[in-house]
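Asks: Starting off with a structure, shown below.
The values are calculated or read from the model by the stated rules, or taken from the named source; none is laboratory data. Since the structure is predicted, the reported quantities are computational estimates derived from the model, not experimental observations. Cβ sites come from the backbone with ideal geometry, for glycine too, and all protein chains shown count toward neighbours. Calculation scope for accessible area: heavy atoms of the full protein, side chains included, ligands and nucleic acids excluded. Shrake-Rupley method; radii C 1.70, N 1.55, O 1.52, S 1.80 Å.
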Amino acid sequence: MSQILEARDLKKVFGRGGNLLRASSLKTAVDGVSFSVAHGATVAIVGESGSGKSTVGLMVLGLLDPTSGVVEFDGKPILDARGNHRKELKRQVQVVFQDPFASLNARMTVEESVTEGMIIHKLGKNAEERRERARVLLSQVGLSEEALPRYPHEFSGGQRQRIAIARALSVEPKFVVLDEPTSALDVSVQSQVLNLLRHLQKDFGLSYLFITHNLALVEYLADEVCVMRHGEIVERGTVEDVFDRPQHPYTKTLLASIPSPDPDHHALHTY
Ligand code: ADP
Ligand code: MG
C-alpha cells in the first residue's frame, strides 16, 4: 500500500519565557519522530500527557512548523505548499480535537458549522445544496436534520463530537488527525464515537492519525501504533505486535495499566 503521509525526523523545540537564546529556556517537545500512514490506514500515537503527541499532530496539520524534519502529504512536502496546493491541503487534511468547542464556534448554528468549509472550498452550488449535504452528513454521523438550526450548547458531549466529525468530513478530506477525540466523553459514548469513526473510515476511504493517551483504545481503530515518550518514539509496530509482544519497558507499563478486559469488550467489534 502506498503512503498518503510521511513524517521524517520531525523535531520541535519550543522557547520558554520568550528567550530563545538561552539553552535552559528551550524545550524539545518532539525529537526525531518518523512514521508513515498508508492510504486507508490508521496509525496511533500513544503516550502519556506531555510526551509530544499533539505537537506531532499540529505539525502534520501544517498548523505548526517543525524546527527540523519534513512532513510529506501525497509525496509532496507540506511546508512548501503555496496557493492552490496549500488550499487543497487545508481541505484534504482535517482534524477532530478532544474538545468540540475548539472546532465548533458556540455562536454558529450546526448548519453554519457544517457548511462553512463547503463555502470556503466551493463545494455545493448554493445554500440549498449545502444544506442538503449537511443533512446527509448529519445522518452519516447519527444525528437528525433537526440539529441544523441548533447551537453546540444544546447537545451532549458525544453529539457535539459527532457534529465536529461532520464538520471535518464536510470538505471531503482524505486524512484526519484525531487528537484525543473521545477523551472528554463517558466510556460508553467513547466506544460509540470510535465505532462511528471506524465506519466512516471504511465508507470514505479515510486515513487517520489517532492520537491518544489511552492505549486501551488503540486496538479498536489502529493498524499500527507508535509509542511516544519524552518526545521520541520508543516503540512501534502493528497493534498485534505491540499488544502481544511489547519490547520497551514503558510500553509494558502502559499495557499493565489497562484494566482487565470486560465482557463487553468484543461487542465493540461487532457493533
Ligand atoms: P501531549 O499532546 O502528548 O500531551 P504536547 O505535544 O501537547 O504533549 O506537549 C509536549 C511538550 O511540549 C510539553 O512539555 C508541553 O508543555 C510543551 N509544549 C507544547 N506546546 C507548547 C508551546 N506552544 N510552547 C511551549 N511549550 C509547549
Ligand atoms: Mg495532547
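Asks: Could you figure out which of (1) away from ligand 1 (no atom under 16 Å from the Cβ); (2) more than 24 Å from Gly237 (Cα to Cα); (3) of a type outside the set (A, V, I, L, M, F, W, C); (4) open to solvent by 60 Å² or more (accessible area, probe 1.4 Å) isn't true of Asp99?
Replies: (1)
Asks: Residue check: is Val114 in contact (Cβ under 8 Å) with a residue 60 or more places away in the chain, within 12 Å of Ser170 (Cα to Cα) and buried (at least 20 other Cβ atoms within 10 Å of the Cβ)?
Replies: Details: in contact (Cβ under 8 Å) with a residue 60 or more places away in the chain: no; within 12 Å of Ser170 (Cα to Cα): yes; buried (at least 20 other Cβ atoms within 10 Å of the Cβ): yes.
No, not satisfied.
Asks: In the stretch 159-218, which residues are within 16 Å of ligand 1 (Cβ to nearest atom), buried (at least 21 other Cβ atoms within 10 Å of the Cβ) and among the aliphatic types (A, V, I, L, M)?
Replies: Listed by number, the residues that qualify are Val177, Leu178, Leu209, Ile211, Leu215, Leu217, Val218.
Asks: Output yes when any residue across the stretch 191-204 is part of a loop (DSSP other than H, G, I, E, B) and among the basic types (Lys, Arg), and no when none is.
Replies: No; the residues of the stretch 191-204 include none that is part of a loop (DSSP other than H, G, I, E, B) and among the basic types (Lys, Arg).
Asks: For the stretch 212-228, state whether one or more residues are modelled with pLDDT under 95, closer than 28 Å to Phe101 by Cα and among the aromatic types (Phe, Trp, Tyr).
Replies: Yes, some residue in the stretch 212-228 is modelled with pLDDT under 95, closer than 28 Å to Phe101 by Cα and among the aromatic types (Phe, Trp, Tyr).
Asks: Okay, next question. Would you mention how many residues in the stretch 117-153 are over 26 Å from Leu63 (Cβ atoms), among the aliphatic types (A, V, I, L, M) and surrounded by 17 or more Cβ atoms within 10 Å (Cβ to Cβ)?
Replies: 4
Asks: Can you work out which of the residues in the stretch 48-72 that are assigned to a loop (DSSP other than H, G, I, E, B) and of a type in the set (Asp, Glu) is surrounded by the most Cβ atoms within 10 Å (Cβ to Cβ)?
Replies: Start the filter on the stretch 48-72 by keeping residues that are assigned to a loop (DSSP other than H, G, I, E, B), which leaves 48-52, 61-67.
If we keep only those that are of a type in the set (Asp, Glu) as well, we get 48, 65.
Numbers: Glu48: 14, Asp65: 12.
If we take residues in the stretch 48-72 being assigned to a loop (DSSP other than H, G, I, E, B) and of a type in the set (Asp, Glu), then Glu48 is surrounded by the most Cβ atoms within 10 Å (Cβ to Cβ).
Asks: Which of the residues that make up the stretch 78-90 are open to solvent by 40 Å² or more (accessible area, probe 1.4 Å) and in a helix (DSSP H, G or I)? Write out each step before concluding.
Replies: If we filter the stretch 78-90 for residues that are open to solvent by 40 Å² or more (accessible area, probe 1.4 Å), which is where we start, we get 79-80, 82-88, 90.
Listed by number, the residues that qualify are Gly83, Asn84, His85, Arg86, Lys87, Glu88, Lys90.
Asks: Same structure, new question: Out of all the residues in the stretch 222-238, which are open to solvent by 10 Å² or more (accessible area, probe 1.4 Å) and in contact with a Ser or Thr (Cβ under 9 Å, 6 or more places away or on another chain)? I'd like the intermediate steps shown before the answer.
Replies: Here is the first cut: in the stretch 222-238, the residues open to solvent by 10 Å² or more (accessible area, probe 1.4 Å) are 222-224, 229-230, 232-238.
If the condition is that a residue be open to solvent by 10 Å² or more (accessible area, probe 1.4 Å) and in contact with a Ser or Thr (Cβ under 9 Å, 6 or more places away or on another chain), then Ala222, Asp223, Glu224, Arg229, His230, Glu232, Ile233, Val234, Glu235 are the ones that fit.
Asks: Here's something else I'd like to know. Which residues, taken from the stretch 25-42, are open to solvent by 40 Å² or more (accessible area, probe 1.4 Å) and within 11 Å of ligand 1 (Cβ to nearest atom)?
Replies: Scanning the stretch 25-42 gives Leu26, Lys27, Thr28, Asp31.
Asks: Right, here's the next one. Please list, ordered by residue number, the helices (runs of 4 or more DSSP H) wholly in the stretch 93-157 having 3 or more residues that are of a type outside the set (Gly, Ala, Ser). Steps first, answer last, please.
Replies: Details: elements: 100-103, 110-120, 127-140.
Result: 110-120, 127-140.
Asks: Just to be sure, is Ser207 within 16 Å of ligand 2 (Cβ to nearest atom) and under 14 Å from the mean Cα position of the chain (by Cα)?
Replies: Numbers: within 16 Å of ligand 2 (Cβ to nearest atom): no; under 14 Å from the mean Cα position of the chain (by Cα): yes.
No.
Asks: Next question. Residue under question is Ile45, and the condition is that it be within 16 Å of ligand 2 (Cβ to nearest atom) and open to solvent by less than 20 Å² (accessible area, probe 1.4 Å); does it hold?
Replies: So Ile45 fits the description; yes.
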